[in-house]
1. Suppose the filter is modelled with pLDDT of 95 or more, under 28 Å from Leu335 (Cα atoms) and crowded, with 16+ Cβ neighbours inside 10 Å; does Ala57 pass it?
2. Select from the stretch 20-46 the residues that are touching a residue at least 60 places away in the same chain (Cβ under 8 Å) and either surrounded by fewer than 15 Cβ atoms within 10 Å (Cβ to Cβ) or touching a Leu at 6+ places or on another chain (Cβ under 7 Å) (or both) and list them in ascending order.
3. I need every pair where a residue in the stretch 170-182 that is in a helix (DSSP H, G or I) has its Cβ under 7 Å from the Cβ of a residue that is crowded, with 16+ Cβ neighbours inside 10 Å and among the aromatic types (Phe, Trp, Tyr), sequence separation at least 6 or different chains.
4. Could you tell me which numbered condition Glu50 fails, if it satisfies all but one of (1) at pLDDT below 95; (2) open to solvent by 20 Å² or more (accessible area, probe 1.4 Å); (3) touching an Asp or Glu at 6+ places or on another chain (Cβ under 8 Å)?
5. Find the residue count for the stretch 102-116, including only residues that are of a type in the set (Ser, Thr, Tyr) and under 12 Å from the mean Cα position of the chain (by Cα).
6. Taking the stretch 233-255 on its own, how many of its residues are outside any loop (DSSP other than H, G, I, E, B), without any contact (Cβ under 8 Å) to a residue 60 or more places away in the chain and surrounded by fewer than 23 Cβ atoms within 10 Å (Cβ to Cβ)?
7. I need the full set of residues from the stretch 24-43 which are part of a loop (DSSP other than H, G, I, E, B) and under 33 Å from the mean Cα position of the chain (by Cα), in order please.
8. Among the residues of the stretch 269-281, write down those that are in contact (Cβ under 8 Å) with a residue 40 or more places away in the chain and either open to solvent by less than 50 Å² (accessible area, probe 1.4 Å) or out of contact with any helix residue (DSSP H, G or I) (no Cβ under 7 Å at 6 or more places or on another chain) (or both).
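The values are calculated or read from the model by the stated rules, or taken from the named source; none is laboratory data. Please read all numbers here as calculations on a predicted model, not as lab measurements. Using ideal geometry, Cβ is built from the backbone for each residue, glycine included, and neighbour counts are taken over all protein chains shown. Heavy atoms of the whole protein, side chains included, go into the accessibility calculation; ligands, DNA and RNA do not. Shrake-Rupley method; radii C 1.70, N 1.55, O 1.52, S 1.80 Å.
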Amino acid sequence: MIFLILACSQTAETERTQLFTRAALDLRGTRPSIEELDRVAKSDRKLEEELESLLYAPEFGWQYAQTMSGFWKTEVVELDHRDHEYSMENYLELITAMGQEPLQILAEIARNDLSYSEFVTGDWTVSNEVLGDWAPVDYPVGETGWKKVSYSDGRPAAGVLVSNGLWWRYNSTQNNANRGRVNILSRNLLCNDFLERNVSIDRNLNLLDQDAIHDALASSPTCYGCHSSLDQFASNFWGFYRHFRFNPTEQFSYHFERERDWSIFTGVEPGYFGTPTQGLYDLGQLIAEDPQYYACVVERTMEQFYHRPLSPSDAESKHTHLSIFIENNQEIRQLVRSIVSDHEYRNITPSTQKQVTIQR
């Protein structure tokens, strides 16, 4: 399938080369060659053919993941730990690989036309040789580079929800009880940020008194309104609670024996917005069945390619892109093709120049 040619007058040569340059940077992370620019300058048909080829560039999957990295923020951009914390020479390489693991999962889905549902249901992850030396995965001995592998410690099949890289980046204390972690998921997977809700705080509540806070979460209407959903969601993740931050075994292992620690710290049974769960496998399945999960990735992708927040005027375009996405097995490539075909993405004028994301 090729891009739809816009129903309008012949595109000017300069506009074609501008559009293709922007798309090349967005879809593969590099500027076009002189030969490519010469080809797209010839006609609209050549432009569409060259745009289609960008979608199948080897860099497409990782470039899409890099485009979405601004939401996940798992990549290591500076070293804020001391090198001797894990007593290993390749500590920087290790934490760099850990930070890339969630993005590599997304890249694998995008480049291989897997359903986006696998992002939260897959029984696999992606690892390189550095991460494979420490993580409990079946990484091939003697090989190098990023490869699709499986966790070997029996953790639930739940895609990025059970990735070491994500929960190394987003730790949790006992008192926070995984709430910060699940808000990251809710914000990035469902476009629902609990921290953006307007709430009225009881100024008489002593925030230094843990018992008073615990009681308020269960009894105060203003607290319970959010925490009834948030705490249910969070109770699914106690298997990733780490007692010792600087112990590699703690960091890389899934702790089945801690799955029911919610009964000690919050007393809230695991669930997903009112539906009970028996663990992370159930949670991943419920997220994958939630229409908001797919609507959110459409919205997030549109925002990244438009380089601006969506507005009410984008509702029709969002509906169109979502329909195409769902009809095509929730494939990222089909979603991106739809977005790059629309008028908003192609509207390049001096007053509406867009920024681009460059792969480094």
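1. no
2. Once the filter is applied, which keeps residues that are touching a residue at least 60 places away in the same chain (Cβ under 8 Å) and either surrounded by fewer than 15 Cβ atoms within 10 Å (Cβ to Cβ) or touching a Leu at 6+ places or on another chain (Cβ under 7 Å) (or both), the stretch 20-46 yields Ala23, Leu27, Arg28, Thr30.
3. The qualifying pairs are Gly180/Tyr170; Arg181/Trp167; Arg181/Tyr170; Arg181/Phe237; Val182/Phe233; Val182/Phe237.
4. Going through the list (1) at pLDDT below 95; (2) open to solvent by 20 Å² or more (accessible area, probe 1.4 Å); (3) touching an Asp or Glu at 6+ places or on another chain (Cβ under 8 Å), Glu50 breaks only (1).
5. Residues in the stretch 102-116 being of a type in the set (Ser, Thr, Tyr) and under 12 Å from the mean Cα position of the chain (by Cα): 1 in total.
6. Matching residues across the stretch 233-255 total 2.
7. Arg28, Gly29, Thr30, Arg31, Pro32, Ser33
8. Within the stretch 269-281, Tyr272, Gly274, Thr277, Gly279, Leu280, Tyr281 qualify.
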